[in-house]
Amino acid sequence: MTRLKDLPGKIPVFPLPGALLLPRARLPLHIFEPRYLAMLDDCLKTETRLIGMIQPHQVPGREERGLHRIGCAGRVTQFSETEDGRYMITLTGISRFRIVREVEGFTPYRCCEVNWDGFERDQQGAETDTCFERVRFMDLLDRFFAAKDLSADWDTLQQADDELLVNSLSMLLDFNPEDKQALLEAPSLSTRRETLVTLIEYALRGGEEDLIQ
């Protein structure tokens, strides 16, 4: 396990709208743009093999998108190369971070100086949610999947522990980038679950205020 004191002060960042990575979760990525192929090549030469996933946002008057202040770094734990030079990789979430500043340099990809303070819990074991009303949550999820005409492996969902269930749904469900950012920044698993419930209820009820808490 990577300890907080061992995490680097500068990491490459991958601004990808709607792509959410959370601590201890896994995110598959398809790398094919030349700048991100260069990023992966450089990343694999480092001891930590970290890439920071971050949500970009539009800045008025600027061509290049801005970056949200908080992202999540993942270690490259799997990768395979296709015959045409692309890569399929898996990032395993290590810890969230806060951007201090973007670092100018000669790399084709973006790098940031980052701070890991305040995210010490990310380095520990899986979180539990003592207030999780699982039966009620699964009923809500069933209604949401039916409304969106989505399929699910319900046996796997039922057997998943609290953190795996909440974090996997937060990553996989099709929320907008700002909602994904809110899920990322949730300070605890219970807060993330409450945010997830609110987003699902909002989608089902069209924005009514009568939301399940």
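The values are calculated or read from the model by the stated rules, or taken from the named source; none is laboratory data. From a predicted model like this one, the values you see are computed outputs, not experimental measurements. Note that each Cβ is placed from the backbone with ideal geometry, even for glycine, and that neighbours are counted across all protein chains shown.
Matching residues to (1) part of a loop (DSSP other than H, G, I, E, B); (2) on the phi > 0 side of the Ramachandran plot; (3) in contact with a helix residue (DSSP H, G or I) (Cβ under 8 Å, 6 or more places away or on another chain):
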| site | (1), (2), (3) |
| --- | --- |
| 14 | no, no, yes |
| 21 | yes, no, yes |
| 40 | no, no, no |
| 72 | no, no, yes |
| 75 | no, no, no |
| 78 | no, no, no |
| 83 | yes, no, no |
| 94 | no, no, yes |
| 97 | no, no, no |
> Between a first residue in segment 177-191 that is outside the structural domain of residue 95 (by TED's automatic domain parsing) and touching a residue at least 24 places away in the same chain (Cβ under 8 Å) and a second residue that is among the aromatic types (Phe, Trp, Tyr) and assigned to a loop (DSSP other than H, G, I, E, B), which pairs have beta carbons less than 9 Å apart while being 6 or more apart in sequence or on different chains?
Replying inline: 183/175; 189/132; 190/132
> When residue 181 is evaluated against the numbered criteria (1) part of a helix (DSSP H, G or I); (2) farther than 19 Å from residue 69 by Cβ, which criterion, by number, is the only one it fails?
Replying inline: (2)
> Among the residues of segment 149-164, which ones are surrounded by 13 or more Cβ atoms within 10 Å (Cβ to Cβ) and in contact (Cβ under 8 Å) with a residue 24 or more places away in the chain?
Replying inline: 162, 163, 164
> Can you find even one residue in segment 144-161 that is of a type in the set (Gly, Ala, Ser), at negative phi and in a helix (DSSP H, G or I)?
Replying inline: yes
> Does residue 169 satisfy being in contact with a strand residue (DSSP E or B) (Cβ under 7 Å, 6 or more places away or on another chain) and at pLDDT 95 or above?
Replying inline: no
>> Give me the residue from segment 162-178 that is of a type outside the set (Asp, Glu) and not in a helix (DSSP H, G or I) and, out of that set, nearest to residue 140 (Cα to Cα).
In response: 173
> Taking residue 102, is it modelled with pLDDT under 90, in the same structural domain as residue 16 (by TED's automatic domain parsing) and farther than 23 Å from residue 160 by Cα?
Replying inline: no
>> Looking at the structure I just gave you, is residue 203 at pLDDT 90 or above and under 18 Å from the mean Cα position of the chain (by Cα)?
In response: no
> Quick one: how many residues across segment 99-123 are among the charged types (D, E, K, R), outside any strand (DSSP E or B) and loosely packed, with under 15 Cβ neighbours inside 10 Å?
Replying inline: 4
> From the list 106, 132, which residue is in contact (Cβ under 8 Å) with a residue 24 or more places away in the chain and out of contact with any strand residue (DSSP E or B) (no Cβ under 7 Å at 6 or more places or on another chain)?
Replying inline: 132
